[in-house]
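To start, the structure under review is shown below, and the notes come after it.
The values are calculated or read from the model by the stated rules, or taken from the named source; none is laboratory data. It should be emphasised that the depicted structure is a prediction, and the values quoted were computed from it without experimental measurement. As a convention, Cβ positions derive from the backbone with ideal geometry for all residues, glycine included, and neighbour counts pool all protein chains shown. Ligands, DNA and RNA are stripped out before the accessible areas are found, and what is left, the full protein with its side chains, is counted by its heavy atoms. Shrake-Rupley method; radii C 1.70, N 1.55, O 1.52, S 1.80 Å.
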Amino acid sequence: MFSTLKLTVSHAPFWHIGSSTSSKSRNILLASLLAVVPGCYQYGQAAVGVVTIAIASAIIWELLINFISRRPISVGDGNAALVGMIFAMMLPATTPWWAVVTGTFFAVVIGKGIFGGIGANPFNPAVLAMTIVMLSWSHLFDFNAALLNYQFDFNAVYPLVLSKAFGAPAVESFAVMDLLKGKQIGGIGSTFGIGLILGGVYLMLRGYIRWEISVSFLAGIFAAALGFNFLNPELYAGPGFHLFTGYTLIGAFFLATEDSSSPVNFIPMLIYGLLGGALTILIRNIGTHIDGVLYAILIINLVNPIVDKIRPKAIGKGV
Amino acid sequence: MIKRSFFGLVKPKLHYERIDEAQAEPVSVKASKNIMLSIEHPFESAKNSLLKIGDPVKNGQKIALTEKADDYLLASKSGRISNISPFVGILGKKYTVVTIDIDADSAQTVDDHFKSSSQTPSLEKARDLLSGLPGKPDFTVFFNTDKPVKTIVVMGADNDLLSITRQYFVKNNIISMKTGIDFLRKITGIHNVILIVPQHLAQVAGSSGATVKTVDSEYPSAHPHLIRQHVLSTEASSPDAGVAFFSAEAVSALGAAFNTGKLPLEKLITFISKDGTRRLVSIPIGTPLQDILNEFNENLEEGDQLIVGGPLTGISVYTTDSPVMPDSDTLIVQSKEQVPERSDAPCVNCGDCVRVCPASIQVNLLVRYLEAQQYQEAADQYDLFSCIECGFCSYVCESRIPVFQHIRLAKYTLESMKEAEENNV
Ligand code: SF4
Ligand code: SF4
């Protein structure tokens, strides 16, 4: 006597807020365009090529991983495309195709795939890949050499190289406004500060990245740079310079905020960000490397699980 | 359905429904042919039970499978037992369903057991006769000697979104609630009775004779665990303190029973149709849900969903013949298009669940263990049993993992394992 109508039977809750991994990826990709499009405008065809190859190859690597590990096809979540895009944003426009493809291999396969895919990667895949390719073929990523054949209407020396070699006075010619407008050489999507900031603010407001991380990362940069500058203004450039050069902005909004490798609790997010910012400046000012963002992010990725243990006790577990 | 706001920076909020100033009176819906009483008792033990197919049943008669059983229901109509069958509910809980073909309205016979015993009320009698009332009052807590009850909390705030069932009783039946509260005080000897209501009902709640406390409208602040924590005095807030919770409907039913000498067995349900219209329905316990749908010409199609309980914690039933239970506060019809998509994607560690969890659980870590079915680990290290089962984490999960279902399943599995162990020694 039971009626034969087939109803859907599922589990509570029967409502969903409507978010999804794919819409998050889409939004971050969209925000990244604000920096990537001006970058492509500046570096032309070559930059477009690098971006396209990076995204396409990242997707193919992901498909391959799905296939080998016999998991459902996961390119639909947009994460592979996003990793490819973010990787491309850090590259000089002159990167040869094989380096791009190897880089996305490191990002998607080594950085993410072997850990079990999205959500399981302990490091930001794009940062990990970038660090590996930089260490492997350092000559390709020396921005001064790489972009030698371009004609710019501004000082075409990688600003961080200048400050490293010649101290603060050497970079006085870089006005903050010019830096923000992308009048500096660097990665395809890493130099147009206004775009990065607008994109970052958009992502923070919409909750696609955790604002606590971005803000504290920048605060860490600011405070540490200010400290160094205060101690020796001759040697160390001020916070304004450090905030808008190298990978600082892309780091704050697109790299440090990667979900899987960053904390989710409030205090840990602040510590994570501040630490990242401070380490960046430490490496830039007293380390041997030109830019510290990538190493700083790998280090905070590493401490993330420990930092994220600082959290409120669950209820019913005493105070 | 409430969607993510454009600005996702702030924590998402869900609000309880608020009863209208001029809420229409409940529509009375009748049982058409039969009622079904679904008793939480395995069918196997029903073999030599008290009940036989063909037995006549009176209105208000206690329907229990064995003499001693705590689980029983009250027949809301008189008639004849036409079927006794097993039923397996969510998480494999075992029920026995007793179907009663009901007598015509004019031929209804009433069980006078209650009337005779209501002269000398006692806690034992209440436990043995009244827990089948609408709102499902639970008297067994008073018999737990480890945790003597010191406080009685009456919930005039609803337990899930969309429902206005409990609010209705505070707003319209506060007098019978007062009788019910006085009755509870008398049989338990506990004078500390607290009535929890949403802000807008604080004034009318005053005439209940109980101490009135309010909760805000943000889900899940009316959850019993959170009430204990935030509303009750520090003494009652510890998980070991004895607190007895009753719904406003249960208390009102107790009051009505003692005022009239007759057991009220009509359940009040907030019914939400597919188009979102909200109505109050008064219906005999055990009536198949189909009778409600017929009354309002609500046509279900293949793939639609029928939800008993609220949108966050309810249960979806697979047939419209499922009966109204004493604690079914809400009935929601959701069209196929509104059923949210779930996925088997892994957790991306977005942390949204952690930020909404009222129990401060690291759901992002917990879920990894649950998915790997490492339940013991989940309980020992990741606070599985701190979960108050509000469902918020699943609601926000970006990967659309059925986190809440994982949690329920894990708790149930561990609990049944523990039970099995205890039974073995
Ligand atoms: S259901 Fe989810 S959000 Fe609610 S208490 Fe449990 S873990 Fe926390
Ligand atoms: S909301 Fe879902 S995807 Fe996000 S951290 Fe929680 S369980 Fe993981």
### Query
Which one of these is open to solvent by 30 Å² or more (accessible area, probe 1.4 Å) and of a type in the set (V, I, T): A:I267, A:I283, A:I297, A:I315?
A:I267
### Query
Among the residues of the range B:251-263, is there at least one that is open to solvent by 50 Å² or more (accessible area, probe 1.4 Å) and among the hydroxyl-bearing types (S, T, Y)?
yes
### Message
Go through the range B:281-303 and report how many residues are in a strand (DSSP E or B) and crowded, with 18+ Cβ neighbours inside 10 Å.
### Response
4
### Message
Checking A:V83 against (1) crowded, with 24+ Cβ neighbours inside 10 Å; (2) away from chain B (no Cβ under 14 Å), only one condition comes out false. Which one?
### Response
(2)
### Message
Every residue in the range B:304-315 that is open to solvent by 10 Å² or more (accessible area, probe 1.4 Å) and either over 21 Å from B:V88 (Cα atoms) or within 10 Å of chain A (Cβ to nearest Cβ) (or both), please.
### Response
B:G309, B:T313, B:I315
#### Entry: Whichever residue in the range B:323-339 is open to solvent by 20 Å² or more (accessible area, probe 1.4 Å) and within 25 Å of B:K77 (Cα to Cα) and, among such residues, is nearest to the other protein chains (Cβ to nearest Cβ)
B:P323
### Task
Restricting attention to helices (runs of 4 or more DSSP H) lying wholly within the range B:224-271, give those where 1 or more residues are away from chain A (no Cβ under 14 Å) and at pLDDT below 95.
B:234-237, B:248-260
### Query
Do you know which residues across the range B:180-212 are more than 26 Å from B:D20 (Cβ to Cβ), of a type in the set (S, T, Y) and buried (at least 20 other Cβ atoms within 10 Å of the Cβ)?
none
### Query
Is it the case that some residue within the range B:101-109 is surrounded by 14 or more Cβ atoms within 10 Å (Cβ to Cβ) and in contact with a Leu (Cβ under 9 Å, 6 or more places away or on another chain)?
no
### Query
If you take just the helices (runs of 4 or more DSSP H) that sit entirely in the range B:357-425, which of them hold at least 3 residues that are among the hydrophobic types (A, V, I, L, M, F, W, C) and either facing chain A (nearest Cβ under 9 Å) or within 13 Å of ligand 2 (Cβ to nearest atom) (or both)?
B:363-371, B:392-396, B:403-424
### Query
What do you reckon, is B:D20 part of a strand (DSSP E or B) and among the acidic types (D, E)?
no
### Query
Which of the following residues is over 19 Å from A:N121 (Cα atoms), over 25 Å from the mean Cα position of the chain (by Cα) and of a type in the set (A, V, I, L, M): B:A372, B:A359, B:A378?
B:A378
### Message
Checking B:F258 against (1) touching a Pro at 6+ places or on another chain (Cβ under 8 Å); (2) within 15 Å of A:L5 (Cβ to Cβ); (3) among the aromatic types (F, W, Y), only one condition comes out false. Which one?
### Response
(2)
### Message
Yes or no: the range A:242-252 includes at least one residue that is assigned to a helix (DSSP H, G or I), crowded, with 24+ Cβ neighbours inside 10 Å, within 16 Å of ligand 2 (Cβ to nearest atom) and not charged (D, E, K, R).
### Response
no
#### Entry: Answer from B:N299, B:N349, B:N294 - the residue that is without any contact (Cβ under 8 Å) to a residue 40 or more places away in the chain and more than 7 Å from chain A (Cβ to nearest Cβ)
B:N299
### Query
Quick one: what pairs do we get from the range B:310-323, first residue in contact (Cβ under 8 Å) with a residue 24 or more places away in the chain and under 15 Å from B:F392 (Cα atoms), second of a type in the set (D, E) and open to solvent by less than 10 Å² (accessible area, probe 1.4 Å), C-beta under 6 Å, 6+ apart or different chains?
B:G310/B:D160; B:L312/B:D160; B:T313/B:D160
### Task
Find the residue count for the range B:123-155, including only residues that are surrounded by 20 or more Cβ atoms within 10 Å (Cβ to Cβ) and β-branched (V, I, T).
4
### Answer from A:P305, A:P268, A:P233 - the residue that is more than 30 Å from B:L365 (Cβ to Cβ) and away from ligand 1 (no atom under 16 Å from the Cβ)
A:P233
